[in-house]
1. Average the reciprocal distances over every distinct pair of alpha-carbons in region 157-235, invert the result, and give the Kirkwood radius in Å.
2. What list of ³J(HN,Hα) couplings, whole Hz, do you get for region 260-272 from phi and the Karplus terms 6.51, -1.76, 1.60, once you set θ to phi - 60° and write x for glycine and proline?
3. About the Cα centre, and with charges only on the beta carbon of Lys, Arg (+1) and Asp, Glu (-1), how big is the dipole of the chain? Nearest 20 debye, please.
4. When we measure straight from the Cα of Lys125, which lysines land under 26 angstrom away, once same-chain ones fewer than 8 places off are left out?
5. Helix-derived [θ] at 222 nm for the chain: sum -39500 (n - 2.57) over DSSP H runs of at least 4, divide by residue count, nearest 500?
6. How large a share of the accessible area of the chain, in percent, is made up of carbon and sulfur atoms when the probe is 1.4 Å and the other protein chains stay in place?
7. Sort 171-184, 53-66 for me by packing, meaning the mean count of neighbouring Cβ atoms within 10 Å per residue, highest on top.
8. Which of the peptides 190-197, 128-135, 279-286 is most tightly packed, and how do the rest follow, going by the mean number of other Cβ atoms within 10 Å of each residue?
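The values are calculated or read from the model by the stated rules, or taken from the named source; none is laboratory data. Because the structure is a prediction, the values reported are computed rather than measured. Here Cβ is always computed from backbone atoms with ideal geometry, including for glycine, and neighbour counts include all displayed protein chains. Areas reflect the complete protein model, heavy atoms only, side chains present, ligands, DNA and RNA absent. Shrake-Rupley method; radii C 1.70, N 1.55, O 1.52, S 1.80 Å.
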Amino acid sequence: MSSPGPSRPVVVETIAALRAELAGRNGSENTDPSRTGPSRTVALVPTMGALHEGHLALVERARELADVVVVSIFVNPLQFGPEEDLDKYPRDLGGDLDALAPHGVGYVFAPTAAEMYPDGDTGTKVTGGEVANLLEGRTRPGHFDGVLTVVAKLLGIVRPDVVLFGQKDAQQVFLVQRMVADLNFATRVEVVDTVRAPDGLALSSRNRYLNPDERRAALALSRALEAAASASDRGIDAVLAAAQSVLMDERLVKLDYLKVVNPRTFLPVDDGYRGPARVVIAARVGPARLIDNDAIYLN
């Protein structure tokens, strides 16, 4: 007789039910029974589903940091523009639950849009200021206001001790960290390094849109970052030129932006800047818009 496989997380669809669970009214297999009620530490991993190994790395880190892990799966309409892929965004709750089963997740919070926004487009939004209108924000107006608003709501609903994000979304990480500090949320932001495929491509839910030729072409993004890092001792112009030379050789890659930013402000650095920096890149490859980034040090 075969032993049963790992159990799926408990799926919770309403805010009230999740709050009741986290208040200790019901148990969870990944909760230490000696630590109940308010003494339990809680980690939140916000996602839009279509989970891959990058998400699971966040979950594994969350398990190291807290007694109870909550993964939210919610395709947030506020962060999609009118011409973006909200309706086409991959959704597979059953597959996501199977992926999470071996990882000791206590709860999956999977609300509907009506549960999160009962009056439709919420009248109160969190705005990200100047940085939210640059780079991704320039290409996707209003995107980061939608991200910050839903993250603020999730922090208010779950009240986690720690919330986890991946470094791949570097501008999002910066804005969330600043929001948490500015609004005095009692939550620590934990950033997990970008998870890459063996060939270097940053994992993304949108990678599934790529055909084999586009998948190969997408490697130009990580190669461009490697070229930029190798030129960092020669200044910002050399960094950008090295990255651009890689991208220009790949006809299927349509560059959106390539910038070097100050990690303390996320604003582009000037020609005389010296110190830690981050190269950020976005490009369209076939039907997918991909982003990537890496830390460098400008001498």
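1. 15.1 Å
2. 10, 10, 7, x, 7, 10, 6, 9, x, 7, 8, 4, x
3. 200 debye
4. Lys88, Lys153, Lys168
5. Values: 11 runs with 101 residues, N = 299.
About -9500 deg cm²/dmol.
6. On the way: 7100 of 14240 Å².
Reported share for carbon and sulfur atoms: 50 percent.
7. On the way: 171-184: 17.7, 53-66: 19.3.
Result, highest mean Cβ count within 10 Å first: 53-66, 171-184.
8. On the way: 190-197: 16.6, 128-135: 18.9, 279-286: 21.4.
For the peptides 190-197, 128-135, 279-286, the packing ranking is 279-286, 128-135, 190-197.
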